[in-house]
């Protein structure tokens, strides 16, 4: 199976965006551990940042990257995507 130039570019851009999302994790200042997860209830600022980050990951990976990657691999029907 061959991908069009447009499809290849779209996957490349999504991969670059995910790399940027990984860099965004550093905004938390320290690793996100189970202990920090337990603080979410008492730290509204941290909870809001985690919520925003998870929403962005869901949007990027679940709604954009995975369907395009699965289509590229022939696992699901290919649709027009840019």
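Please give the length that would be gained between residue 43 and residue 75 if that part of the chain were fully extended, namely 0.36 nm times their separation in residues minus their C-alpha to C-alpha distance (nm, one decimal). Numbers along the way, then the final one.
Numbers: separation 32, 0.36 × 32 = 11.52 nm, distance 4.17 nm.
Using 0.36 nm per residue and subtracting the Cα-Cα distance, I get 7.3 nm.
D for region 15-72, whole µm²/s, Stokes-Einstein with Kirkwood Rh over alpha-carbon pairs at 4 °C and 1.567 mPa s: what number? Write down the numbers at each step before the final one.
Numbers: Rh = 12.7 Å.
Rounded, D is 102 µm²/s.
Read-outs throughout are calculated quantities, based only on the coordinates presented, and are distinct from any laboratory measurement. Computed from a prediction, not measured in an experiment: that's the story for all the values here.
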